Structures are given as C-alpha cells and as structure tokens.
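Have a look at the structure below before the remarks.
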Amino acid sequence: MNPMTLRTPSGYWNPIIWVIFLILFGLVAYLIYKAGNPKYRRDTDQVKPFLSGNLETDKEKIQVRASDIYWGFIEALKEYYGVLERMHTGDIRDYILWFVGMAAIITVILIGGI
Amino acid sequence: MMEHLPALIIAIPLLGAFAAPLFKRHHKAVSIWAILITGITLIVSLLLTREVLVKGILVYVFGAKSPTLVLPSGYKVPIRIMFEVDALGAFMAISATLMSFVGALYSYSHVAHESGLEKYYSLLLLLEVGILGMVLTGDLFNLFVFMEIAGISGAALVGFRSYRGEASEAGIKYLIISAVASLMVLFSVALLYGEYGNLNLAYIAKNIKFGVVDLIAFGLLFTSFAMKCGAVPMHYWVPDAYTEIPAGGNPPLLVATYANLYALFRVSFTLFTNIVINISRAGWIMVILGVLTMFIGVTMALVQKDVKRLMSYHAISQTGYMLLGVGVGLTVLHDPSKLMEFGRDAIAGGLFHVINHIIYKSLLLMTAGALFYVTGTRNLDNMGGLARKMPITTISFMIGAAAISGLPPFNGFASKLIIYETSYMLNPILTVFAMVTSILTLASFVKVFASAFLGPPLKKYENVKEVPKPMLIAMIILAALCVIFGLFPKIILDKLIYPAADALINYLQYHSWGGLA
Amino acid sequence: MNSVLVNLPFIVVAILLAIGFYTIGFKRNLIKIIIGVEILEGAVNMFIVALGYVKGGYAPIYTQAPSGAIENMVLPTPQALTLTSIVIGVAVTALMLAFAVNIYKTYGTLDVSKVRRLRG
Amino acid sequence: MTTVIIRTMTRILTPAILVFGSYIILHGHLTPGGGFQGGAVFASGLALLIIAFSRKRVKEMFEKVPLSVFESIGALGFLGIGLMGIVMYTFLRNFIANSGAPFGMPTPEGINPGFLNTGGTLPYLNIFVGLKVLAGLTSIVLILFLILRREENE
C-alpha cells in the first residue's frame, strides 16, 4: 500500500484504503437496509406522494426553480452582490481600464513602492 | 527522429489546420480528419513527455545544423529561434493535446448541424498550435506570436455561432482583451530586447540586472498574463467567452487560459528569478490575487442561472487555487528550509490542480453542452427531471461535480488537500478562504444538480433522448480520468507533477539550456 | 535639447500609448475602440523599430551595398519582429471589424455602452 | 459609389499593381520586401478591382477563384519546405543554402549584385507566403464587401 500513499506536509492520504472503507460501510448500510420494513410494495397506493395530506399537484407547479434555490443566502448578502454586479458592467472599456489600473498597481509594488 | 519531436508536435496540427479548408462541404470527413490529427498529436506529446522525463530538458533549435546546436562555434549568444521543453512544458503539452482530442471528438456531433465546419476545425487545430507553441517555446517573441495565434483563433471560435449577436459580443471582447494583453507583452519584450539585445528566455534570465526597466517589464508581463488567465479583477471576459463558445471548443479554450497561467509561472519563476535577488513580493501578489479570484469567482457563481455561465465562474474560482498554490511556492523560493518543508509541495499542488481542473471542468462544460444540445436552452429555470432521460450524462456530471467540490476519492480532493496544508503553513487565513470556497462550490453544484437533473420530469422534455455517442465517449473518457487521477494521485504526482514542479524550482538548469552551455 | 532629440521616438511612443489607452477606455463607438487598439499596436511597433536603429549601420542587403558596409551591417531582428507584429495586427483588425459588422447587424448600434447583453 | 473615373483608373492601375506585387514577392530575398509585403500589394490591387465594380460583377469575377484553396496551398507549401529540412537537419533549415541548387552554380560570398539564386529555400518560402497572404487578404476584403453591399442593395 505504501506506493499508493500520498504524503502531504502534515499527513497522508490513501484513496485505496478510503475506497475499501467505503465498500465496508456500504455493506453495513445495506445490511441495515435489508433489516428494514419488508411490507414495501412498488406501484401501489403506498408509494404515492402526498403533500400536506393532499395528492400531488401538477408537476410543472411543484418544480423548484434554480433562481429560488439559496434565496435566503443571496438575500442576506444582497449588498455584496449589488457591488459585484455593478462592477461587472459588460462594457469592454471598463475591462481595459481595470487592466490599466492593475498593471499600474502591480508595477508599483514590484518596483518597491509599498 | 526522437529529437525532432518538438518540431513535429507543432507541424502536425498546423498541417491539419491548413488542410482542413480543403474538405469543403464534406462535414463528416473534416470531423474525422480533425479527430485523427489531434489523436496523432496526443501520441506525439506522450512520446515527447517520455523523452523529457528520461533525458531532461529537450532543446530544439530551428534551422540549425543539428537540433541541439544552441551556440554554433564563434557565437556567444543564441541567435536562432528555439524550443526548450522541460517537464512543465511537456506536462502542459499533454493537457493541451488531450483536451484538443476530446474537444474534436465531442464536436463531431455537437456542431454537426452548423455551417462552416471546415473553418471550425481549422480554428480548433490552430488554437491547439497556439497553446503548444506557448508552452514549448524558449523564446520571448515566439511566446508573443503563439499567444496571438491562440487569442485570434480562440476569439474566432467564441464568435463561431455568428447568427447569435451575443457570440459576436463575447468574441470581440475576448479579442480586444487578448490583443491589448499581447501588445503589452510585446512592449515588455521590446523593453527587455532593448536592454539585453536578445530574445532568448534563458539568455535574458541569466543576464538580468533587475533595474527599474526590468521591473516595469515584469509588471506588464505579470498583469497581462494574469488578465488572460482570468484573475480577479480582470476576469470579466471569462464568463462571456466560455458561455458563447460551442461546447466542443471549451476544453481547448480552457487549456489556452492555462497556457497563459503557464506563461505567468514561467515568467515569474524562470525569467525573473535569479540567485542574486529575492522577489518574494511577486509571490505575495500571486497569493493575494489567488485568494481574491477564488472567493469572488465562487460567490458570483452561486447566483447564476445560465448553466455554462455558472461553470465559467467556477473556472475563475479554481484558477485562484492554482495561483494560491504556486504563489505560496514562489514566496518561499529563496528559503531552502521552507522550500523543502512545504514550498515544493505547494507548487506541485498548484500544478496538479491545473490538470485536474482542466479535466473536470471540461467534463462539466461538456455536460452543460449536452444539456444545451437536448433542451435548446442554457437557463436552469427551464430545465428539470433530466436524470432519467440522460443517465450517462447525469453520472458524468455527478463525477465532475464531486471532483470540483473536492469530494474523495475523485481527483479534485488530492490537489486541494495539498493546497490547504501548504497554504496553512504560510498563513492560516488563506486556508480558511480556500475551504469556504470549496464548500460554496459544492453548494452551487448541488443547485445545478437539483434544478437540471432532479425534480419531476417536465412535459416539454418528454421526447428527450441521450446525446449521440461521440459526445458520450468524450465525456466518459474524462470521467474515467477523474476517477483514475483520484484513485492513484501518488503515481501521477511522482511521474508527472513533481518533475514539473522541480523544473520550476531548478531554474538554473533552464538557464543553461539543459546543460548545453 | 539634444537629449530630447535623441529620445524623440520614445516620447512619441509614450504619447501614442497614452492616446491608445485613452481611446480604448473612453470612446463609445466600437470602431473608435478598434482604432485605439491599432494606435496601441502602432506605438509598440514604433518602439521596436526605434530600438533597432544603430547609428552608422547598414541594412543587411548585399545587393549593391557600398564596399565598406560589410563590417557595419545591422542585425535585422527588430524589423523582423515589427513585420511579424504587423501581420498579426492585420488578422486581429480584420477579425475585430468582422465582429463589429456582426454586432451592428444584431444590435443595431455600435455604441459599446449599449452592446452589453452579457453581464452579471 | 463607382464612377467612370474610378473604373477607368482601376483598369489602368490594376495590372501595374499586380506586377509590382509579384516583383516584391519574387525579389524578396534580395531587396526589402518578401512574401507578406508582396502579397499585401497584390491583394490591394485585387481590392481595387473589388471596390471599383458593382456587387454582381465582383461576384462573377471571383466566383471561379478558389481563394481558400490558394490559402491552404500556400500554408501547406511553407510547411512542406519546413518539413523537408527535418530529413537532413532541423525544421525550417535552409538546406540548399550556398549550394546553388537547383539552378547550378553556387554564388560567391560577399557583395555581389546581379546574382539571383542566392537565397536557398527563401524564394520558395516567399512565394508560398505571398500566395497565402494575397488569397487571405483578398478574401477578407471580398467577404466584408459582399456583406456590406448586400445591405445597401436590399
């Protein structure tokens, strides 16, 4: 196993051992799954999805749209995103001006101004 | 014949590119021609890498009596154009040829119904030539020429769907950006030429005196290459260009971006690193740019609705990891104890991340192209429930997403692990940013997976089928590489990455053309 | 006075670089921005040619050269560089103009502050 | 936008420009000039033809000319000469320099006006580059012209 072990500055990482453990725990999980409720039947009323006691509504309506995912996160960081989106103007002139500004800053730092 | 490999690896795709327009109106033939040529180039690059790893730096002098005649009798300075291939260049050449092959294979069906295919493949092969020239050359002016070749053909590929106004917009943005960047590169090359009277990278590096003019040239080179590899805050062209290019052109364009990253490393490590002077300032600039790049890139990715645009922002964010890893190495390059402790590993981690990222991001962008192919839209809001219809695409996407988020045992984990540990040694705050970025990456790919593949099957996509076989094969190759690189990171690192990192660290060997002078 | 005259090409290069960046950075018309890129290219080319000038040197052409010239011929590298860069510039300009034509057809304008569907 | 004056002058000037362009290409290894410059001059002569005549006439003139094939031939020829060097020496080696091949006598070194075959492979590289450049530049002008004129007419 030694040639497979990747030594990092403060530890090691061996994917093969990781996979062996994955398989072992997968087996354990499968055993637990096997010991579960045996009354499950496919394609009966038993497996129909219910939402708050009612049958499932039209599928187009319950689709979670991509722009709704992480709504809270984006709402909390609204100001941050406002700044970033205002920076990305889509105007080619601004792209070049950023380049000129960064070139000036980096050159000054390299020459030893800061 | 083996000593001619550096010339052949340029000549073969050039031949393919120039012969491609002759296949007018034979769409199948020109696709197969491109696949054939890129396949041969891939084999040549593998042979080249083997040569370099066995024999050390390979020098090829164009037009000389023999390929290794750097200084003909009576000459004190090299005068001909030359290629100088070290392990890093060979490593980039493998990435470039592999991705061009995969891109050509994918394009076989992805762009089959577009017109002007002979031009498309001609441009694809020219882009490959540009990248290969950039990563193999040992001459500053040649670097500029090949950078322009890659820039022009890349911009033309971005604007290939000329019936879309957005494609032309993205194309002209990319073109102006790359034209300005390469003109500034030429300007700094001219500054160096005026001072040292030569264009050979190794010769200038040996004689450099670090006057103010040199440092101005360094600053311009650094910023130009940083802009072309998409470092924040000069990253704005990346999402535009990656989104509008046909998905088959994405892998080569991605490698073209990293060829500029290679040039950035080459300039900072080989050209402007000398035994006399310590410029770890450049390393700190690189580290700070890297942290900014990965954090801003990933937060912008989180709010995107366009699937390819989201992935392009991730490409920016992952570039930050490479800048961070290699930047950590550059800051401690002149401190032998720290260099042995973590600097070498940091550089190796950054370079390993380059190839890992090229593989999984190409895979992801190609699955996005497959989604576009079957649904005709890139807007995630209009997708859903595609997992059942396209099982292989779904599995490829899952592998790619797991790899980019750094889940074991895929390839992203190994390189990210090295980068975390080494950047922790330099400054723990860097590691915090890197880990937060990784978490946000996983979050945004969960978003793509949930909205495009999961959820109830939509009525409008009832008749959707799996994409054609060439696209599937291209995706499966890359997914398999993700798994292989993840399961055997040690072998890849020892065979390919550590030699490349050592090539950056042992700059003195490069300066003497591999010991020829 | 003499130092100004000797450095005149480099002063012109600096002015041209400034004009070029100003044109790209502050003009609204896409064609003018393309002209700005061309001005930048001209500045860089002029810089290289000015670097290549050697006082008292001869062009490295044997045909009908004066007899004392053979010892004083100039290495024509800067000229070769300029020429290559001009060739590349032609390709870049042609492609930029083609994109501009295409943009005008679909957007109906060449004003860059309006040509920005790709953002955010 | 074409007048009788422009058309007449074009008829007189075009042959002269084309001949001058060919001269620059063929004499490129001896005097200032070469493939690119000569090709550009040649293409400017053809561009004069393009802008002087109506769209219909231009289409008739250039329909039978396979410009992109010329371009490919030029590039492939250049590459071919480069690859020939690989057999003996290296890529793009001037393998017949100073031997006088294929036209007999080698030329003495030094200042020697009047000798034409002194460039080795250079004249052939110039011819191929010239072919590629004239085809490429002409097709750029032609395509932009056809696109813009179509809008004017419709």
q = 0.09, 0.11, 0.15 Å⁻¹: log10 I(q)/I(0) that the Debye formula gives for the range B:361-501, counting C-alpha atoms only: -0.33, -0.48, -0.80
What is the sum of charges, Lys and Arg at +1 and Asp and Glu at -1, for the other residues whose Cβ falls under 12 Å from the Cβ of B:N142? -2
Taking the Cα centre of the protein assembly as shown as the origin, how large is its charge dipole in debye, to the nearest 20, when only Lys and Arg (+1) and Asp and Glu (-1) carry charge on their Cβ atoms? 1700
Cα to Cα, under 22 Å, and not fewer than 8 places away if on the same chain: which lysines meet these conditions relative to D:K132? B:K24, B:K119, D:K59, D:K64
What longest region of chain B stays clear of trypsin sites (Lys or Arg not before Pro) that DSSP places outside H, G, I, E and B and that have at most 13 other Cβ atoms within 10 Å? B:210-387
With eigenvalues of the C-alpha gyration tensor scaled by 5 and rooted, the protein assembly as shown, Å: 48, 34, 27
To make sure I understand the rule: partners must be aspartates and glutamates, Cα under 12 Å from the Cα of B:K459, and not fewer than 8 residues away in the same chain. Which ones qualify? A:D58, A:E60
Diffing the range C:42-47: the Karplus 3J(HN,Hα) column from phi (6.51, -1.76, 1.60, θ = phi - 60°), in whole Hz with x for Gly and Pro, holds x, 4, 5, 4, 5, 4
For the range B:162-174, just list the computed ³J(HN,Hα) in residue order, Karplus coefficients 6.51, -1.76 and 1.60, θ = phi - 60°, integers in Hz, with x standing in for Gly and Pro. 6, 7, 9, x, 5, 5, 5, 4, 4, x, 6, 5, 4
May I ask which residue of B:H334, B:I94, B:V467 lies farthest towards the positive end of the charge dipole of the protein assembly as shown, with charges of +1 (Lys, Arg) and -1 (Asp, Glu) on Cβ and the Cα centre as origin? B:V467
If the cut-off is 19 Å between C-alpha atoms, which aspartates and glutamates fall inside it for B:K338, apart from same-chain ones fewer than 8 positions away? B:E421, B:D502
Could you compute the net charge surrounding A:L110? Neighbours are other residues with a C-beta less than 10 Å from the C-beta of A:L110; K and R count +1, D and E count -1. 0
Of B:G369, B:I505, B:M2, whose Cα points farthest to the positive end of the dipole of chain B (charges on the beta-carbon: +1 Lys, Arg; -1 Asp, Glu; origin at the Cα centre)? B:G369
Restricting to the protein assembly as shown, what percent of DSSP beta bridges are antiparallel, rounded to 5? 95
Kindly provide the pair-distance distribution of the range C:59-120 built from C-alpha pairs, with 5 Å bins from 0 and whole-percent values in order of increasing distance. 4, 14, 13, 11, 10, 8, 8, 7, 6, 5, 6, 5, 2, 0
Quick one: Cα centre-to-centre distance for the range A:71-114 and the range B:295-369, in angstrom? 19
Based only on the alpha carbon positions, what is the Kirkwood hydrodynamic radius of chain B, in angstrom? 22.8
Check: C-alpha center the range B:238-290 vs C-alpha center the range B:132-153, spacing in Å is 14
Give the total of Lys-Lys pairs in chain A with Cα-Cα distances below 25 Å; include a pair only if its members are 8 or more places apart or on different chains. 4
Which of B:K469/B:K495; B:K28/B:K228; B:K389/B:K469 exceed 23 Å between C-alpha atoms? The answer is B:K469/B:K495; B:K28/B:K228
Per-selection Rg to Rh, chain A - Cα, Kirkwood hydrodynamic radius: 1.24
Using alpha-carbon coordinates, inclination of helix B:212-228 to the longest axis of chain B, degrees: 20
Using only Cα atoms, tell me the angle between helix A:78-87 and the longest principal axis of chain A; keep it within 0 to 90° and round to the nearest 10. 50
Size of the dipole of chain C about the Cα centre, Lys and Arg at +1 and Asp and Glu at -1 on the beta carbon, nothing else charged, in debye to 20? 800
Using the Cα atoms of the range B:1-272 to build a convex hull, what is its mean projected area in square nanometres? 14.2
For the Cα atoms of chain D, what angle does the longest principal axis make with the long axis of helix D:35-52, in degrees from 0 to 90, nearest 10? 10
Semi-axes of the equivalent ellipsoid of the range B:88-134: what are they in whole Å, largest first, if each equals the square root of 5 times a C-alpha gyration tensor eigenvalue? 23, 12, 4
For the range C:62-120 and the range D:32-107, write down the distance between their C-alpha centroids in whole Å. 20
Size of charge dipole - the range B:274-517 - debye, nearest 20, with Cβ of Lys, Arg +1 and Asp, Glu -1, no other charges: 860
How big is D, in µm² s⁻¹, for the range A:1-40 by Stokes-Einstein at 20 °C and 1.002 mPa s if Rh is the Kirkwood radius over C-alpha pairs? 172
Tabulate in residue order the Karplus-calculated ³J(HN,Hα) for the range B:152-160, using 6.51 cos²θ - 1.76 cosθ + 1.60 with θ = phi - 60°, rounded to whole Hz; enter x for Gly and Pro. 5, 5, x, 5, 5, 5, 4, x, 4
Limiting things to C-alpha atoms, what are the Rg and the maximum Cα-Cα separation (Dmax) for the range D:4-153, in angstroms? 18.6, 61
Which pairs, out of B:K65/B:K206; B:K173/B:K361; B:K173/C:K114, put more than 19 Å between their alpha-carbon atoms? B:K65/B:K206; B:K173/B:K361
Coarse-grained scattering of the range B:274-517 at q = 0.07, 0.17 Å⁻¹, given as base-10 log I(q)/I(0) from a Debye sum over alpha-carbon atoms: -0.27, -1.15
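Every number here is computed from the coordinates shown, using simple stated rules; none is lab data. Here the structure is a predicted model, which means the values were calculated and not measured. Every residue, glycine among them, receives a Cβ derived from its backbone with ideal geometry; neighbour counts consider all protein chains shown.
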